[in-house]
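Accompanying notes for the structure given below.
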Amino acid sequence: MTQPDQLAAVEAFLRFWQVRLELGEKAELDPAAIGAVATGEAAKNTIALIEGARSRGGTIEGDVVMHVEGVQLKGNKATVRACMENLTTDRDADGEPTETLTPFYNLGADLVRQGDQWRMTTFRASTGLC
């Protein structure tokens, strides 16, 4: 990734996941923070994730490790491919896990450049080793 736009798209991809994890950990809905990193389906999905955690009185705890495998640019659009090592779990109000850990996701993400900012628009995830 030598092109500045490729690097900027990857940084935006990583910021999206960072914001998503931070808000999930607090079960805090912050539309401005989400809007700074996402639009469209990616924003809606993140809001639904946080609202779900809040309605259960729970949180999302843990971290992820991203391995970016590639980025393609086409004008003001970018597609990022990555492998995510998932160390997160949904927790209930007592801090107990409410799901079985899925350790790996293959991700495909679409981003759009709006002005000088890249924002996530959609992402696709499939399970399995990557």
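The values are calculated or read from the model by the stated rules, or taken from the named source; none is laboratory data. Note that the structure is a prediction, hence the values are computed from the model and not measured. These area figures cover heavy atoms from the full protein model, side chains too; ligands, DNA and RNA do not enter into them. Shrake-Rupley method; radii C 1.70, N 1.55, O 1.52, S 1.80 Å.
What's the whole-number percent of alpha carbon pairs in the chain lying beyond 27 angstrom?
I get 18 percent for the Cα pairs in the chain exceeding 27 Å.
Using amide H atoms built 1.01 Å from N in the peptide plane, name the residues 5+ places from Thr122, or on other chains, whose amide H lies under 5 Å from its own.
Sorted by chain and number, the residues that satisfy this are Ala42, Asp110.
How much accessible area per residue does the chain have, counting only protein heavy atoms and a probe of 1.4 Å, in square angstrom?
For the chain, the per-residue accessible area is 55 Å².
Under the Kirkwood approximation for Rh and a Cα-based Rg, what ratio Rg/Rh is obtained for region 21-71?
Rg/Rh for region 21-71 comes to 1.02.
Need the full-extension length gain, Glu69 to Asn106, defined as separation in residues times 0.36 nm minus the C-alpha distance. One decimal, nm.
Result: 12.3 nm gained on full extension.
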